[in-house]
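The values are calculated or read from the model by the stated rules, or taken from the named source; none is laboratory data. None of these values were measured; they are calculated from a predicted model. Here the Cβ positions follow ideal geometry from the backbone for every residue, glycine too, while neighbour counts run over all protein chains shown. Areas reflect the complete protein model, heavy atoms only, side chains present, ligands, DNA and RNA absent. Shrake-Rupley method; radii C 1.70, N 1.55, O 1.52, S 1.80 Å.
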Amino acid sequence: MPNSSTKAMILTGGSGTLGTELRHIGKDNDCMFISPTSSECNILVYRDVLRTLSKYKCDTVVHAAAATDVSGLEDDPVKAFEVNVIGTFNILKACIELDKNLVYISTDYVFDGSSGPYNTSDAINPLSVYAKSKASAELMVRAYDKSTIIRTSFFGREFPHKAAFTDQWSSKDYVDEIAPKIIKCLKSGQRGIFHIGSPRRTIYEIAKTRSPDVDKISRTIINHQVPEDTSLVLSDF
């Protein structure tokens, strides 16, 4: 049973990479994440969202559900905007109606990568379909007074590719490094925009920490928009 200091929050996207990690480590960090399944809470159906969020007494919703296949969404922009914009709007609308706090998990890709590292106050300029859909949703959420934006980026617990970019810089890290910092941010109860990640490195340098034999690759061979440097000036979590 959770102790009296445990903070309970509703979590969308609980079966995703970040959601799974948050649920896994939450109990050891005095956080309990209530994560409805997608069949229980289809974020594209507002009545499902409102019913599910009404069911739980938690005062905070962490919205981590998203379409995240950056290259695939270039060929399927409708999916990007349905899931990342309409889905987020439904969560936002329910939070407003139910007077709940909303924490939106955004991305460093809201920046174009031309002048990183980026502060939380820097102007966004997304390049890819994925980035534009996430930025659109972020702007909606930012209009709500009881909201928090967390910009971050992560791999799973292992590097998922055979090769890594030597000419792309990021504050990205593995999910087991990122999730504890997100929990600290959530427990702080602060509102506003926060940057969570690790110190600036190339994707190749990040990959090498867990995949020593990873090959080198240049981002210039990729036919969709890959920003050069989306590294972040990190918030203190």
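Net charge dipole, region 84-208: roughly 200 debye, given to the nearest 20, about the Cα centre with Cβ charges of +1 for Lys and Arg and -1 for Asp and Glu.
Take the Cα of residue 51, step 7 Å toward its Cβ, do the same at residue 162, and the gap between the two points is 4.7 nm.
Ranking 73, 95, 58 by how far each Cα lies toward the positive end of the dipole of the chain (charges on Cβ) leaves 58 at the top.
Full extension of the chain between residue 38 and residue 76 gives 11.6 nm of extra length, using 0.36 nm per residue less the Cα-Cα distance. Working note: Karplus 6.51/-1.76/1.60 with θ = phi - 60° gives region 26-35 the couplings x, 5, 7, 10, 6, 10, 10, 9, 8, 10 Hz, where Gly and Pro are set to x. Approximating the spin labels as points 7 Å out from Cα along Cα→Cβ, the residue 205-to-residue 219 distance works out to 1.4 nm. About its Cα centre, the chain has a charge dipole of approximately 640 debye under the convention of +1 per Lys or Arg Cβ and -1 per Asp or Glu Cβ, with nothing else charged. Taken over region 64-193, lysine pairs spaced eight or more positions apart, or on distinct chains, with alpha carbons under 24 Å apart number 26. Each residue was assigned an accessible area with a 1.4 Å probe, and for residue 71 the value is about 60 Å².
What part of the accessible area of the chain, given as a whole %, is carbon or sulfur when the probe is 1.4 angstrom? It would help to have the intermediate numbers written out before the result.
Details: 5470 of 11210 Å².
Exposed carbon and sulfur together represent 49 percent of the surface.
Averaging the sequence gap over all C-alpha pairs within less than 8 Å and six or more residues apart, then dividing by the number of residues, gives region 195-237 a relative contact order of 68 percent.
For region 75-222, the alpha-carbon coordinates run over 51, 35, 26 Å along the three principal axes, in decreasing order.
Given contacts defined as C-alpha pairs under 8 Å and at least six residues apart, what's the relative contact order of the chain, whole-number percent?
Numbers: 471 pairs, mean separation 48.6, N = 237.
Computed over the chain, the figure is 21 percent.
Straightening the chain between residue 121 and residue 143 buys 6.4 nm, computed as 0.36 nm per residue apart minus the Cα-Cα spacing. Taking 0.36 nm per residue of separation and subtracting the current Cα-Cα distance, fully stretching the chain between residue 99 and residue 29 would add 22.7 nm. Surface exposure of region 72-119, expressed per residue as accessible area with a 1.4 Å probe, stands at 40 Å². Over all orientations, region 151-237 has a Cα convex hull whose mean projected area works out to 5.9 square nanometres. Counting every C-alpha pair in region 128-188, the share spaced more than 12 angstrom apart comes to 77%. Using only DSSP helix segments of four residues or longer, with each worth -39500 (n - 2.57), what per-residue ellipticity at 222 nm results for the chain after dividing by its residue count and rounding to 500? -9000 deg cm²/dmol, from helical runs alone. Computed from backbone phi, the HN-Hα couplings of region 129-138 come to 4, 3, 4, 5, 5, 5, 5, 4, 5, 4 Hz, rounded to whole numbers (Karplus: 6.51 cos²θ - 1.76 cosθ + 1.60, θ = phi - 60°; Gly and Pro given as x).
Normalising the average separation of contacting C-alpha pairs (under 8 angstrom, six or more residues apart) by the number of residues puts the relative contact order of region 1-127 at 24 percent.
By how many degrees, 0 to 90 and rounded to 10, does the Cα axis of helix 87-98 deviate from the longest principal axis of the chain? Its long axis makes an angle of about 30 degrees. Each Lys and Arg adds +1 at its Cβ and each Asp and Glu adds -1 at its Cβ; summed about the Cα centre, region 60-101 shows a dipole of about 240 debye.
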